[in-house]
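Undergrad: This structure is in structure tokens; I'll ask about it shortly.
The values are calculated or read from the model by the stated rules, or taken from the named source; none is laboratory data. Please read these numbers as outputs of a predicted model, since none were measured by experiment. Reconstructed Cβ throughout: ideal geometry from the backbone, glycine too, with neighbour counts over all protein chains shown.
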Amino acid sequence: MKKFLAVIAVVALVCLGSMAFAADVTVGGSVQLRSRDFKTLNFDKNSTAGDQTDTQERIELDVNVKAGDDVKGKIAIWNDFDDWGRFEQVQGNNGFGNSTAATGGHFGIREAWLSFNFPGIPVNLTGGHQLLALGQGWFFRSKHFGSDAWVLANVTGANTVALVDVKVAEGSVALAHDDADAYVILDVFKINDNNIVGIDITNANFRNALTAGQFDLWNYSVNYTGKIGPVGLKAQADLQSGKIDTSPVSPKFKGNEIVVQGNIPVDPVAINFTLARGSGNKIGSTDNDGYVNFLDIDPHYTFLYEYKTVTAAGAKNTGFSNTTAASVGVAADLSKSVKVALDYWYLQATEKITNGLGTTSSDVGSEIDATINWKLYDNLTWNWNLGYFKPGDAMKTAAGTTDAATGIQGILSLNF
């Protein structure tokens, strides 16, 4: 506790120091309590290995600094969701930011960046640890933990051009050829108040001295946000090239993806839909036909599939990689403080996968998700998610089971 108070004192000194230079300083943050109960995430109701029940707490403290119209910065310190019953113990035993326990949470830096406009020219530079996403966020999204990056942007009228350099991983600081970096050039054009189009090209370069291989991926992406008549639309399409330099075979990247999301207001409800397809690895192919993305650990579309269970791409948090999906849903305001939504998802593997019994199938399954957002006060919300995922034959376990996965999660949030 003493170390925690010492850090708060340091933050206060930073604020005072900033105010001494005529900067506007605001302090905010949040306290969130998350209660969860997931069952049969491994599709076998006879095994408790797929169950997860806990109550967690996340706290965040934000310090925002603005010096005039041309200079600003931010520091966000947080302890991400950590299970009740060990939170205080971890802090007391391991010290602030020095937790080495494999199961323990600790305070860390979520954001730490500075941003300024160059004098006399319409160019902005933002550098540091920041929350980032490209396009609609289906190729690269780092909104949970953030990424270390430089962002150089020029805004001229309705057009924005930017160069982005993301340090994904640092090997030895003494070596220049064992790092992972991503380089992006993007352009966003505002056609009018209702329509925006964008394009971005990314080179993700992974140099691994341990395996003597180089992962060189190019992603070409176009995106759209706007309205066509009453229909609100978001769309993104991606095509990939590049290769992994290995001997004797160098697999090529051949992934592709398209995602279209829509919203149609039909009073008193809104109808939502999604159509998406991400390529998958073909059985027997020596190339990387599957769509490769870099996404954070937050939910991206379904509440259970992709967020809590292994997908047709073989892992969690893989977006639409090797997934073809269609959804329809409705959302409505029950009152000024309560909003509800219900979505149905039909899920298929783009390329057939081998299940636990050794047979192949493209039938991933279907999912029904419900959302309840309850605004108790202006700065206090209690939001709930409920999900039911019925896996198909593609997800069959080695025991031959395809038992349904279920989940419920509530997050009580105080923002200040």
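Undergrad: Tell me which of these L41 doesn't satisfy, since it passes every other one: (1) part of a helix (DSSP H, G or I); (2) at pLDDT 95 or above.
TA: The failed condition is (1).
Undergrad: Does G255 satisfy the criteria of being without any contact (Cβ under 8 Å) to a residue 40 or more places away in the chain and outside the structural domain of F38 (by TED's automatic domain parsing)?
TA: no
Undergrad: Among the listed residues F273, F189, F215, identify the single one that is assigned by TED's automatic domain parsing to the domain that holds T324, among the aromatic types (F, W, Y) and closer than 21 Å to T318 by Cβ.
TA: F215
Undergrad: If we keep just the residues of the stretch 20-36 that are surrounded by fewer than 12 Cβ atoms within 10 Å (Cβ to Cβ) and not β-branched (V, I, T), which is modelled with the highest pLDDT?
TA: The selected residue is A22.
Undergrad: Sticking with this structure for a sec: Looking only at the stretch 39-81, which residues are of a type in the set (D, E), in contact with a Phe, Trp or Tyr (Cβ under 7 Å, 6 or more places away or on another chain) and touching a residue at least 40 places away in the same chain (Cβ under 8 Å)?
TA: Result: E60, D70.
Undergrad: For the stretch 284-333, which residues satisfy the criterion of being over 30 Å from I408 (Cβ atoms) and surrounded by fewer than 22 Cβ atoms within 10 Å (Cβ to Cβ)?
TA: Within the stretch 284-333, G284, S285, T286, D287, N288, D289 qualify.
Undergrad: Of the residues that sit in the stretch 37-54 and are hydrophobic (A, V, I, L, M, F, W, C) and touching a Ser or Thr at 6+ places or on another chain (Cβ under 6 Å), which one is surrounded by the most Cβ atoms within 10 Å (Cβ to Cβ)?
TA: F43
Undergrad: Would you please name the residue that is farthest from A326 (Cα to Cα), looking only at residues in the stretch 237-285 that are assigned to a strand (DSSP E or B) and among the hydroxyl-bearing types (S, T, Y)?
TA: So the residue we want is S241.
Undergrad: Of all residues in the stretch 102-160, which are part of a strand (DSSP E or B), over 17 Å from L186 (Cα atoms) and aromatic (F, W, Y)?
TA: Matches in the stretch 102-160: W113, F116, F145.
Undergrad: Go through the stretch 60-86 and count every residue that is among the aliphatic types (A, V, I, L, M) and either in a loop (DSSP other than H, G, I, E, B) or modelled with pLDDT under 95 (or both).
TA: Residues meeting the conditions: 1.
Undergrad: D178 passes all but one of (1) surrounded by 14 or more Cβ atoms within 10 Å (Cβ to Cβ); (2) modelled with pLDDT under 95; (3) closer than 19 Å to W150 by Cβ; which number fails?
TA: For D178, the failing item is (3).
Undergrad: Just wondering, is there one or more residues in the stretch 371-378 that are outside any loop (DSSP other than H, G, I, E, B), over 27 Å from I271 (Cα atoms) and touching a residue at least 12 places away in the same chain (Cβ under 8 Å)?
TA: No, because not a single residue in the stretch 371-378 is outside any loop (DSSP other than H, G, I, E, B), over 27 Å from I271 (Cα atoms) and touching a residue at least 12 places away in the same chain (Cβ under 8 Å).
Undergrad: Among the residues of the stretch 228-283, how many are more than 26 Å from the chain's Cα centre (by Cα), surrounded by 15 or more Cβ atoms within 10 Å (Cβ to Cβ) and among the hydrophobic types (A, V, I, L, M, F, W, C)?
TA: Residues flagged as more than 26 Å from the chain's Cα centre (by Cα), surrounded by 15 or more Cβ atoms within 10 Å (Cβ to Cβ) and among the hydrophobic types (A, V, I, L, M, F, W, C) within the stretch 228-283 amount to 1.
For (1) among the β-branched types (V, I, T); (2) touching a Lys or Arg at 6+ places or on another chain (Cβ under 7 Å); (3) modelled with pLDDT under 95, each residue gets a yes or a no:
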site	(1), (2), (3)
R110	no, no, no
F118	no, no, no
N124	no, no, no
G135	no, no, no
K143	no, no, no
V155	yes, no, yes
V164	yes, no, no
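Undergrad: Now for a separate question. Would a scan of the stretch 308-317 turn up a residue that is over 30 Å from K243 (Cβ atoms) and either touching a residue at least 40 places away in the same chain (Cβ under 8 Å) or out of contact with any strand residue (DSSP E or B) (no Cβ under 6 Å at 6 or more places or on another chain) (or both)?
TA: Yes: the stretch 308-317 contains one or more residues that are over 30 Å from K243 (Cβ atoms) and either touching a residue at least 40 places away in the same chain (Cβ under 8 Å) or out of contact with any strand residue (DSSP E or B) (no Cβ under 6 Å at 6 or more places or on another chain) (or both).
Undergrad: Still on this structure: Cβ-Cβ under 9 Å, sequence separation 6+ or interchain: first residue in the stretch 281-292 and free of Cβ contacts under 8 Å to residues at least 12 places away in the same chain, partner assigned to a loop (DSSP other than H, G, I, E, B) and not basic (K, R). Which pairs?
TA: Every condition considered, the pairs that remain are S285/P251.
Undergrad: Every residue in the stretch 328-363 that is at negative phi and of a type in the set (G, A, S), please.
TA: G329, A331, A332, S335, S337, A341, A349, G356, S361, S362
Undergrad: Here's another thing I want to ask about it. Just to be sure before I move on: is T360 in contact with a strand residue (DSSP E or B) (Cβ under 8 Å, 6 or more places away or on another chain) and touching a residue at least 40 places away in the same chain (Cβ under 8 Å) in the structure I sent?
TA: For T360, the condition - in contact with a strand residue (DSSP E or B) (Cβ under 8 Å, 6 or more places away or on another chain) and touching a residue at least 40 places away in the same chain (Cβ under 8 Å) - is met.
Undergrad: Name every residue in the stretch 400-414 that is aliphatic (A, V, I, L, M) and not in a strand (DSSP E or B), in order of residue number.
TA: A404
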